[in-house]
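Chemist: I have a structure I would like to understand better, so I am pasting it below and will then ask my questions one at a time.
The values are calculated or read from the model by the stated rules, or taken from the named source; none is laboratory data. In this text, all values refer to a predicted model and were calculated from it rather than measured experimentally. Here the Cβ positions follow ideal geometry from the backbone for every residue, glycine too, while neighbour counts run over all protein chains shown. Note: areas computed on protein heavy atoms with side chains; ligands, DNA, RNA excluded. Shrake-Rupley method; radii C 1.70, N 1.55, O 1.52, S 1.80 Å.
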Amino acid sequence: MAEKEKTNQETRAIKKLWIVIALLCFLSPLGLLASGTAWGEWSSEQLRTMLGYIPEGLERLGKIWNALLADYSIPSLHGTAGNILSYIISAVIGVGLVSFISFILGKIITSRHGKNDA
Amino acid sequence: MHIPDGYLGPATYGTFYGIMGFIWFWSGKMLNRVLKTKQIPWLALGAAFSFILMMFNIPIPGGSTGHAVGATLAAIILGPWAAVMVISITLIIQALLFGDGGITAIAANSFNMAFIMPFSGYYIYKILSAGAPIGSKRQIIAAGISGYISLNLAALFCAIELGLQPIIALTPDGTPLYCPYPLSVSIPVMVFGHIAIFGFVEAAVTSLMVAYIAKLDPDLLKIHHG
């Protein structure tokens, strides 16, 4: 009986925390209000403006990867409303992916050790 | 704090792939021993929370931005090895899908945010909260302080990695090949932003969530209590 009560309490906690995360997804466009770039994360073009040149290796390596949803934006969505929608969709996709992968990896790791189930 | 592609030379990012390769391997070995099935839903929550938290960019004077990470919170709830795993997964998805942090820099970024941060935060929390009752003021303050210090440590490591580049990687005529700013610039700038602002955000988030979890499910905090 006490064990069941404990499980219920944990299930409720997990549910509530997922609601918090869902709320944060919808609030995430607030993060777009910060228009600047984090220190050390400038684009090649920004660096050209700042330094007058682009470091050679940086320019070469900087092109190594083209992310599908670079800067949390969906390529076909434009304008302010588009940016806000992009950011929310990116948040949902990102949250979904990282939690799914963590969940699956957790399953794989614990499945090898039944004795951990207690 | 997400180092993009091109800011670290191959010698640096290669070294970090070596170091993190070992840490990832070791965390897998440790988790094989300590991870429990009832922790699995919390792994998913920890990764999700860290991902969404990092989307909240905060502006600081001077035009720069930053954010909290949530790695110490993850370590307090899940233990440091599980935090290594979930924060690394988060950083890998950010790099691959969203271009936030470079793919060459995944290991360096993981070293800072998914290793230095959760481990330092976890042990600072353990020491400061030792013997404090669950949900007590001291426990919640301990969570905040550990969040603050650990985020600053991660930022310091990031600044050192970037600031080393113009010392170790130059063209024959002496122009920087990768990150152009030396340690004398990178350390003060990175440390200032995190000491003055982002560290307090990390502290507030860590404290708030530990207080909330202490209310929702106090037993969860017993597992990794000091």
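Chemist: Using the alpha-carbon atoms, what tilt in degrees (0 to 90, nearest 10) does helix B:183-193 show relative to the longest principal axis of chain B?
Modeler: 30 degrees
Chemist: Quantify, in whole percent, the carbon and sulfur part of the accessible surface of chain B (1.4 Å probe; protein heavy atoms only).
Modeler: Details: 5750 of 7630 Å².
Carbon plus sulfur share of accessible area: 75 percent.
Chemist: Quote the relative contact order of chain A in percent (integer), defining contacts as alpha-carbon pairs under 8 Å separated by 6+ residues. Before the final figure, lay out the partial values.
Modeler: Values: 38 pairs, mean separation 27.1, N = 118.
Relative contact order, chain A: 23 percent.
Chemist: Please sort through the DSSP H helices of chain A and keep those with an alpha-carbon extent of at least 20 Å along the long axis and a Kyte-Doolittle average not below 0.5. List each step's numbers first, then the result.
Modeler: Details: long enough: A:2-27 (38 Å, 0.14); A:79-111 (47 Å, 1.61).
Helices meeting the criterion: A:79-111.
Chemist: Follow-up. Within chain A, how many Lys pairs that are eight or more residues apart, or on different chains, come under 28 Å at the alpha-carbon?
Modeler: Close lysine pairs found across chain A: 12.
Chemist: Considering lysine pairs in chain B that are 8 or more places apart or on different chains, how many have Cα atoms under 24 Å apart?
Modeler: Taking the Cα cut-off of 24 Å, the pair count is 14.
Chemist: Find the accessible area per residue for the stretch B:152-208; the probe is 1.4 Å, ligands and nucleic acids are left out, and the unit is Å². Don't jump to the answer; show the numbers that get you there.
Modeler: Details: 2380 Å² over 57 residues.
For the stretch B:152-208, the solvent-accessible area averages 42 Å² per residue.
Chemist: Also, I was wondering about something else. Would you check the accessible area of A:His78, probe 1.4 Å, heavy atoms only, in square angstrom rounded to 10?
Modeler: Roll a 1.4 Å probe over it and A:His78 shows about 140 Å².
Chemist: Let me ask something else about it. Looking at the calculated P(r) for the stretch A:1-41, what percent of the C-alpha pair distances fall above 14 Å?
Modeler: 67 percent
Chemist: Given a cut-off of 18 Å, what percent of all Cα-Cα pairs of the stretch B:108-226 lie beyond it?
Modeler: Numbers: 4008 of 7021 pairs.
The share of Cα pairs beyond 18 Å in the stretch B:108-226 comes to 57 percent.
Chemist: Once A and B are treated as a pair rather than alone, how much accessible area drops out, both sides summed, in Å² to 100, probe 1.4 Å? Write down the numbers at each step before the final one.
Modeler: On the way: alone 10300 and 10610 Å², together 14980 Å².
Summing both sides, the interface buries roughly 5900 Å².
Chemist: Rounded to a whole number of µm²/s, how large is the Stokes-Einstein D of the stretch B:108-165 at 20 °C and 1.002 mPa s, given Rh as the Kirkwood radius over C-alpha pairs? Write out the running numbers ahead of the final one.
Modeler: Working: Rh = 11.9 Å.
Translational diffusion coefficient: 180 µm²/s.
Chemist: Rounded to the nearest angstrom and ordered from largest down, what semi-axes does the equivalent ellipsoid of the stretch B:1-149 get from its C-alpha gyration tensor (root of 5λ)?
Modeler: Working: eigenvalues 132, 78, 39 Å².
So the equivalent ellipsoid measures 26, 20, 14 Å along its semi-axes.
Chemist: For chain B, modelled as a GNM with alpha-carbon contacts under 10 angstrom, which of B:Ala132, B:Ala108, B:Ala203 fluctuates the most?
Modeler: It is B:Ala132.
Chemist: At a 1.4 Å probe, which residues in the stretch B:1-45 are at least 50 Å² less accessible with all protein chains present than in their chain isolated?
Modeler: When all protein chains are present, B:Asp5, B:Tyr7, B:Asn32, B:Leu35, B:Thr37, B:Ile40, B:Trp42, B:Ala44, B:Leu45 each give up 50 Å² or more of accessible surface.
Chemist: Tilt of helix B:199-216 relative to the longest C-alpha principal axis of chain B, in degrees (0 to 90, nearest 10)?
Modeler: Helix B:199-216 sits at roughly 20 degrees to that axis.
Chemist: For the stretch A:16-96, what is the convex hull (Cα atoms) projected area averaged across all directions, in square nanometres?
Modeler: Numbers: hull surface 27.1 nm².
Result: a mean projected hull area of 6.8 nm².
Chemist: With every protein chain kept in place and ligands, DNA and RNA left out, what is the accessible area per residue of the stretch A:1-102? Probe 1.4 Å, answer in Å². Write down the numbers at each step before the final one.
Modeler: On the way: 6220 Å² over 102 residues.
Spelled out: the 1.4 Å probe surface of the stretch A:1-102, per residue, equals 61 Å².
Chemist: Sticking with this structure for a sec: Solvent-accessible area of B:Tyr17, probe 1.4 Å, all protein chains present, reported in Å² to the nearest ten, please.
Modeler: Here the accessible area works out near 80 Å².
Chemist: Now for a separate question. If I take R0 = 51 Å and measure r between the Cβ atoms of B:Arg138 and B:Asp173 in this structure, what FRET efficiency does the formula 1/(1 + (r/R0)^6) give, to the nearest 0.05? Please list the in-between numbers first.
Modeler: Working: r = 57 Å, r/R0 = 1.13.
For R0 = 51 Å, the calculated efficiency reads 0.35.
Chemist: Using just the C-alpha positions of the protein assembly as shown as equal point scatterers, what log10 of I(q)/I(0) does the Debye formula give at each q in 0.09 1/Å?
Modeler: -0.47
Chemist: Another question, then. Given the options A:Ala13, A:Ala70, A:Ala22, state which has the largest fluctuation in a GNM of chain A using a 10 Å cut-off (strictly under) for Cα springs.
Modeler: Top of the fluctuation ranking is A:Ala13.
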